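Working notes, beginning with the structure itself.
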Amino acid sequence: MSASDWHYPRIPFTHDTFVALTRGPVAAMTLFGPRRTGKTEFLIHDLGHHAAEGYGHRVLYASFWQTSVAPLPLLIYACSEALRPRSHAERVADWLRHPPVKVRIGPDRGGPGAVEIDLATPRPERMGEDLLLLDELLGRMADAKKPALLLLDEVQELATAPGGGEIMAGLRTALDRRREGLRTVFTGSSQIGLNRMFSSRDAPLYRFAAPLTLPPLDADFVDHQLAVFHRVFQRKVDRATALAFFERFGGNPMVFQRWLTTLGQFRDLGETEAAGRTADALARDLEFDRRWLDLQPHHRAMARILAERGHDPFGASGAARFEALTGEAAPIPQTRQSYVRTLARRGLVDQWEKEWRLTDPLFEAWVRERPETEI
């Protein structure tokens, strides 16, 4: 039994995405999904593994969440790694164990072709040279018969990174020139951020990629996890209780696996008690209390209204709920909209399919379960 046994493969979605990318007319896709809902796992263990190990395509993975200071050197490093004669699994394992800080591009032992890059330091004076190097490396990766897959994770961070506009423009030029040999998946946990990159007319990547949505996990995921849990820990969990916990946190796979881990570590712990302990531990780890207390009461009230998803936040039902939560008259819709924009600037809310929601499903569940008196 290994960690990979816990991975739940999204087989139909992986197959359809792979075929659309490698044989379809669109050279790029944007994949949206909330934080910690399995986007990265899908990229690495489903799509990337399927393409590399199953069909022999070269696969590049890069996460812009790791370094928003020097994204261009990060891309150069990712290209260099993808060109090395190692398996996809080996490259990903090394990347995840040792996120790059300083990297050497070129011969391993130095020499005239070697360049060392510090990923923690921006290099604006080298922007032009680095873009040319990126273009050269992408050219080496391109293969018209077996297109290389570029899996660019949390790419909305690139929009606000130093030199982000120039990097996106250079990337689009490089990809446009090699549409047959390079196919790209851009993922993001912010629809606003992705729209800013791909839907704004003045954005370098305007209309460059077709939208794709990560489908939610369902009861089959729960059944898979329970079967592995039983084999590992020799303990059965009530399926109805497991499904209820899964739904409580919006079908979040990370939370569900944390709950199972708690049950496995503490054999005498009941399922309900383990659920409470898991929720409390996640709240501490992710500092939900600090985030909540940093907000003004009117911002908390709007966050609570959005978390509940049952009211029009700027309409009459939202106004009534605001008054019930605060004991004060609700401000006009424009003022409530300004509260939501403040939450958006702090990264706490985002607009999904034209609906304002909290960006983190775990924080959303935590807010819903707060006593109303905490506003």
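The values are calculated or read from the model by the stated rules, or taken from the named source; none is laboratory data. Everything numeric here is computed off the predicted structure, so don't read it as measured data. Methodologically, a virtual Cβ is constructed for each residue, glycine included, from the backbone with ideal geometry; neighbour enumeration extends over all protein chains shown. Each accessible area value is taken on the protein alone, full model and side chains, heavy atoms only, with ligands, DNA and RNA left out. Shrake-Rupley method; radii C 1.70, N 1.55, O 1.52, S 1.80 Å.
Taking the alpha-carbon set of the chain, what are its Rg and Dmax in Å?
Gyration radius and largest Cα-Cα distance of the chain: 22.7, 71 Å.
If one computes the Cα centroid of the range 180-194 and of the range 252-308, what distance in Å separates the two points?
Cα centroid to Cα centroid, the span is 29 Å.
Kindly express, to the nearest 10 degrees and within the range 0 to 90, the angle between helix 219-233's C-alpha long axis and the longest C-alpha principal axis of the chain.
Helix 219-233 and the main axis of the chain meet at about 90 degrees.
For the chain, which longest stretch is free of loop sites, where a loop site is one of the GluC sites (Glu not before Pro) that DSSP puts outside H, G, I, E and B and that has at most 16 other Cβ atoms within 10 Å?
1-179
What does the charge count around Arg284 come to, taking other residues whose C-beta lies under 13 Å from its C-beta (Lys +1, Arg +1, Asp -1, Glu -1)?
Computed value for this residue: 0.
Based on the Cβ-Cβ distance from Leu286 to Ala329, what FRET efficiency comes out when R0 is 35 Å, to the nearest 0.05?
The calculated FRET efficiency here is 0.55.
Could you tell me what percent of the accessible area of the chain is made up of carbon and sulfur, with a 1.4 Å probe and every protein chain present?
Heavy-atom surface of the chain belonging to carbon and sulfur, 1.4 Å probe: 51 percent.
Tally Lys/Arg at +1 and Asp/Glu at -1 over every other residue whose Cβ is under 11 Å from the Cβ of Arg357; what's the total?
That sum, taken over residues with Cβ under 11 Å, equals -4.
In degrees between 0 and 90, to the nearest 10, how far off the longest principal axis of the chain does helix 127-141 point, with axes built from Cα atoms?
80
In the P(r) worked out for the range 139-231, what percent of Cα pairs fall beyond 16 Å?
63
Under unit Cβ charges (Lys, Arg +1; Asp, Glu -1), what dipole magnitude, rounded to 20 debye, does the chain have relative to its Cα centre?
Here the size comes out at about 560 debye.
Give the Kirkwood hydrodynamic radius (Å, one decimal) of the range 319-364, defined as one over the mean of 1/r across all pairs of different Cα atoms.
When all Cα pairs of the range 319-364 are included, the Kirkwood radius is 11.6 Å.
Place +1 on the Cβ of every Lys and Arg and -1 on the Cβ of every Asp and Glu in the chain, take the dipole about the Cα centre, and give the residue among Tyr77, Ala303, Phe314 whose Cα lies farthest towards its positive end.
Selected residue: Tyr77.
Count the net charge of all other residues whose Cβ sits under 15 Å from the Cβ of Glu372, scoring Lys and Arg as +1 and Asp and Glu as -1.
Summing Lys/Arg as +1 and Asp/Glu as -1 gives 0.
What fraction of the Cα pairs in the range 232-375, stated in percent, has a spacing above 20 angstrom?
So the pairs more than 20 Å apart make up 51 percent of the total in the range 232-375.
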